Amino acid sequence: MADERDAELWLVRHGETEWSRDGRHTSTTDLDLTDKGVEVACTLKERLAGTAFDLVLTSPRHRARRTAELAGFPDAEVDDDLVEWDYGDYEGVTTAEIRETVPGWTVWTHPTPGGETADQVSTRLDRVIERIQDAGARVLVFGHGHSLRALTARWIEQPVDEGRFFKLDTATVSTLGYERDFPVVLRWNS
């Protein structure tokens, strides 16, 4: 087994969709990228060039798989644990609309009726981290805003709700790794 401190996790949020652009919570709805989303996702190919990855994973959602393809990774392995936080009844709804009936609501601090709990999200993202650390590999993942932010919180050994401190734009690249014995954020939202 490799040393987990050799592990490096590169995160790419999918390109823009109509709902990500409009602030609508998007989990299970399988939207395509907008024209702008395609254009910006194509720039990922150049930004990722020159870096060798031992493993490339993607969420099964079309927007993530399409982003992986445009970035030059059409054969990325689908990992169901990389899906977006399941918003349940809040699918397609904006935070402002939810707050009309649940003041102060955030996915980080409040329940999502019919959706996932923070503990459920944590459990599946911990499986992703364990897989990467066990391999001691450089891994590239294509995923979603809230789940990648939650994955980052878990990487640095924090509860999922600490993901609220990591703003993540579409079609950005972030890198997690180690400094000595500590899991760290090496680069964020670039």
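The values are calculated or read from the model by the stated rules, or taken from the named source; none is laboratory data. Source: prediction; values computed, not measured. For neighbour counting, all protein chains shown are included, and Cβ atoms are generated from backbone atoms with ideal geometry for every residue, glycine included.
Identify the single condition in (1) at pLDDT 95 or above; (2) not in a helix (DSSP H, G or I) that PRO111 does not satisfy, given that it satisfies every other one.
Going through (1) at pLDDT 95 or above; (2) not in a helix (DSSP H, G or I) one by one, PRO111 breaks only (1).
Conditions first: (1) closer than 17 Å to ILE132 by Cα; (2) free of Cβ contacts under 8 Å to residues at least 40 places away in the same chain; (3) crowded, with 19+ Cβ neighbours inside 10 Å. LEU33 passes all but one, so which condition is the exception?
Only one criterion is unmet by LEU33, namely (1).
Give the residue that is surrounded by the most Cβ atoms within 10 Å (Cβ to Cβ), with candidates limited to residues of the stretch 1-12 that are acidic (Asp, Glu) and outside any loop (DSSP other than H, G, I, E, B).
To start, the set of residues in the stretch 1-12 that are acidic (Asp, Glu) comprises 3-4, 6, 8.
Those left that are additionally outside any loop (DSSP other than H, G, I, E, B): 4, 6, 8.
Numbers: GLU4: 16, ASP6: 14, GLU8: 19.
Checking each candidate, the answer is GLU8.
Regarding the stretch 158-170, can at least one residue be identified that is touching a strand residue (DSSP E or B) at 6+ places or on another chain (Cβ under 6 Å) and under 25 Å from GLU69 (Cβ atoms)? Steps first, answer last, please.
Taking the stretch 158-170 as the starting set, the residues that turn out to be touching a strand residue (DSSP E or B) at 6+ places or on another chain (Cβ under 6 Å) are 168, 170.
Then drop every residue that is not under 25 Å from GLU69 (Cβ atoms), which leaves 168, 170.
Yes, the stretch 158-170 contains a residue that is touching a strand residue (DSSP E or B) at 6+ places or on another chain (Cβ under 6 Å) and under 25 Å from GLU69 (Cβ atoms).
Here is a check on your reading of the model: is LEU176 under 18 Å from PHE53 (Cβ atoms) and surrounded by 18 or more Cβ atoms within 10 Å (Cβ to Cβ)? Show your work before the answer.
On the way: under 18 Å from PHE53 (Cβ atoms): yes; surrounded by 18 or more Cβ atoms within 10 Å (Cβ to Cβ): yes.
The answer is yes for LEU176.
With the structure loaded, tell me whether ASP161 is in contact (Cβ under 8 Å) with a residue 40 or more places away in the chain, part of a loop (DSSP other than H, G, I, E, B) and either of a type in the set (D, E, K, R) or surrounded by 22 or more Cβ atoms within 10 Å (Cβ to Cβ) (or both) or whether it fails that test. Write out each step before concluding.
Details: in contact (Cβ under 8 Å) with a residue 40 or more places away in the chain: yes; part of a loop (DSSP other than H, G, I, E, B): no; either of a type in the set (D, E, K, R) or surrounded by 22 or more Cβ atoms within 10 Å (Cβ to Cβ) (or both): yes.
Considered against the rule, which asks whether it is in contact (Cβ under 8 Å) with a residue 40 or more places away in the chain, part of a loop (DSSP other than H, G, I, E, B) and either of a type in the set (D, E, K, R) or surrounded by 22 or more Cβ atoms within 10 Å (Cβ to Cβ) (or both), ASP161 comes out as no.
Determine whether ALA137 is aliphatic (A, V, I, L, M), touching a Gly at 6+ places or on another chain (Cβ under 9 Å) and over 22 Å from GLY92 (Cβ atoms). Steps first, answer last, please.
Details: aliphatic (A, V, I, L, M): yes; touching a Gly at 6+ places or on another chain (Cβ under 9 Å): no; over 22 Å from GLY92 (Cβ atoms): yes.
Considered against the rule, which asks whether it is aliphatic (A, V, I, L, M), touching a Gly at 6+ places or on another chain (Cβ under 9 Å) and over 22 Å from GLY92 (Cβ atoms), ALA137 comes out as no.
Taking the criterion of being farther than 21 Å from ALA64 by Cα, in a loop (DSSP other than H, G, I, E, B), out of contact with any Pro (no Cβ under 7 Å at 6 or more places or on another chain) and of a type outside the set (A, V, I, L, M), would at least one residue in the stretch 146-157 satisfy it?
Taking every residue of the stretch 146-157 in turn, none turns out to be farther than 21 Å from ALA64 by Cα, in a loop (DSSP other than H, G, I, E, B), out of contact with any Pro (no Cβ under 7 Å at 6 or more places or on another chain) and of a type outside the set (A, V, I, L, M).
Here is a list: GLY23, GLY15, GLY92. Which entry is among the small types (Gly, Ala, Ser), under 27 Å from TRP155 (Cα atoms) and surrounded by fewer than 22 Cβ atoms within 10 Å (Cβ to Cβ)? Give the derivation first.
Values: GLY15 fails: surrounded by fewer than 22 Cβ atoms within 10 Å (Cβ to Cβ); GLY92 fails: under 27 Å from TRP155 (Cα atoms).
Going through GLY23, GLY15, GLY92 in turn, just one is among the small types (Gly, Ala, Ser), under 27 Å from TRP155 (Cα atoms) and surrounded by fewer than 22 Cβ atoms within 10 Å (Cβ to Cβ): GLY23.
If a residue must be modelled with pLDDT of 95 or more, over 28 Å from TRP108 (Cα atoms) and of a type in the set (Lys, Arg), how many such residues does the stretch 1-46 contain?
Residues that pass the stated criteria total 2.
Any residue at all in the stretch 37-59 that's in contact with a helix residue (DSSP H, G or I) (Cβ under 6 Å, 6 or more places away or on another chain), more than 30 Å from GLY114 (Cβ to Cβ) and not in a loop (DSSP other than H, G, I, E, B)?
Yes: one or more hits.
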